[in-house]
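What follows is a short report on a single structure.
No lab work stands behind these numbers, since they all come straight from the coordinates. Keep in mind the model is a prediction, meaning the values are calculated, not measured. When we count neighbours, we look across all protein chains shown, and the Cβ atoms used for this are built from the backbone with ideal geometry, even at glycine.
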Amino acid sequence: MIFDPFDRRQFLYGLGASVGTLALNAMLQADDDAKQGPLTPKPGQFPTKIKSCIFLTMSGGPSHIDTFDPKPKLGELHLKEFQRQDKFTSAMNSGKRYYVASPFKFRKVGSNGTDMCEHWKHLPEVADDLCFYRGLQAESINHPTANYHMNTGNRFGGDPAIGAWTTYGLGSLNQNLPGFVVLPEVAHPQGGSANWSNGFLPAHYQGTTLRPTGSPILDLTPPKGVTREHQRKNLDVLAKLNDKHRSRHPRHAELSARMSNYELAFRMQTEVPDIINLAKESQQTQEAYGLGNALTDSFGRRCLLARRLVEEGVRFVQIYTAGWDSHDYIEAAHSKRMESVDQPIAALIKDLKERDMLDETLIVWTGEFGRSPDNGVRGGVKFGRDHNAKAMTCWLAGGGVKAGHTIGATDEIGSEAVDVVNLIRNFHVTLLKLLGLDDNKLTYFHGGRFKQLSQTGGEVIEELLA
């Protein structure tokens, strides 16, 4: 038999001893996923109770010192000159810098004495359900890059968001809804939609945004005079044409995603209007989330919608709220921010508990970085804080976390994490573990190598797990 160097069978066999095998296996796996549906539910690598995640993003960088990590030492140092600056703490104002004491009082709440600022009025009621983590460190002090890092593991954007990775790994529990839903404010966070991008993953895994005002989804209802039957026939004709085109371009993943999205949009017209109709909730529930109150209505609506979405099988919901970037007037700014999210978050946790859903829902509260113990502005009410990547506080709630505990610590002025210190990549690995996913196995072949959320691998923060 004469060996033909261009014989396809021989070529594929020859890949067995090369890196080509890796790429080929990845492509074949992608084909299998496409055949059964990219959002078909899949088992994770770890056993877990958790079915979905609600990710609460406080854009701008909440001050840990003024929310959940009190620093009495700053009271002694208030307005004394601050000397040290480094690449992790921004100097947004020129000239001398001064220590700034928190303008707020703190108190111990919950069974284990969790520290909370006085402006958290409702959150203390669910303190025993929260796991606070004070050891997290970011790697950027610029909002866009820090947002990208927290959301995608890559400071420069272009990579898949954690919600995209989650739906890629687990699929979705409802094939009539997107697996990854984003609930932004009118203005998107710094960095824009790249914060919920599918990156190099297939387009099916991109976050779907629901608009905060008006119809959450444009063109949700058919045009006047167009029936469901008419739409179905049009889609069937379009599918036949697209199938012919796809057969000529089998590696054109965007076409397959577009075809799937047409079908998903058709199904969503039936299911979404009912889910987004918050008027179906009882008056008591609406009031519990703060609906009707000018300060809490916007965030409360999105928290209530998030509960309805995960209840219907959406895998990952991310809510954004801005206004935490307090370089000055922190007393007024942070107090309003806390009051705007406090009641809705407490209501969300209570609601999930009452429905026996908290154990199967992971809730994450975080910003993109923390704040500094000092500021360059001196003069009464103008006191604020600059960006700080070396110290921040986040918290988790839901099945699998060490509820009622505070893990890690910062130094006596809140400048740097000093106990149970971890970078964001380890935080990401831990979140994936809670969701039943192994960061080392949740990979996608792209650019000549297998890529993952942590970029280069990381370790689970065992102290956060129950």
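Multiplying the sequence separation of Val420 and Lys382 by 0.36 nm and subtracting their Cα-Cα distance, what value in nm do you get?
Between Val420 and Lys382, full extension yields 10.3 nm more.
Does a label point 7 Å from the Cα of Asn112, set along Cα-to-beta-carbon, have any residues of the stretch 394-420 with amide nitrogen under 15 Å, and which are they?
From the stretch 394-420, the list is 394-409, 420.
Please get the size of the charge dipole for the stretch 329-373, origin at its Cα centre, with Cβ charges of +1 on Lys and Arg and -1 on Asp and Glu, quoted in debye to the nearest 20.
Dipole about the Cα centre, nearest 20: 200 debye.
Separation of the stretch 115-157 and the stretch 34-77 by C-alpha centroid, Å?
Taking the Cα centre of each part, the stretch 115-157 and the stretch 34-77 sit 7 Å apart.
Between Phe383, Thr393, Thr366, whose Cα lies farthest towards the positive end of the dipole of the stretch 341-393 when Lys and Arg beta carbons carry +1 and Asp and Glu beta carbons carry -1, centred on the Cα centre?
Phe383
Over all pairs of distinct alpha carbons, what does the Kirkwood formula give as the hydrodynamic radius of the stretch 332-461, in Å?
In the stretch 332-461 this quantity evaluates to 17.5 Å.
How many nm is it between the label spots at Ser247 and Ala187, if each spot is 7 Å from the Cα in line with the beta carbon?
Going by the 7 Å Cα→Cβ label model, 5.2 nm.
Sort 185-193, 425-433 by the packing proxy (mean of other Cβ within 10 Å over each peptide's residues), most packed first.
425-433, 185-193
HN-Hα J couplings of the stretch 52-66 from phi, Karplus 6.51/-1.76/1.60, θ = phi - 60°, integer Hz, Gly and Pro as x?
8, 9, 10, 9, 9, 9, 8, 5, x, x, x, 7, 4, 5, 10
Report the full-extension gain for the segment Lys353 to Glu125: residue separation times 0.36 nm, less the Cα-Cα distance, to one decimal in nm.
Gain on extension, Lys353 to Glu125, equals 80.8 nm.
Length gain on complete extension for the stretch Arg211 to Thr285, per 0.36 nm per residue less the alpha carbon to alpha carbon distance?
Taking 0.36 nm per residue and subtracting the Cα distance, the gain is 24.4 nm.
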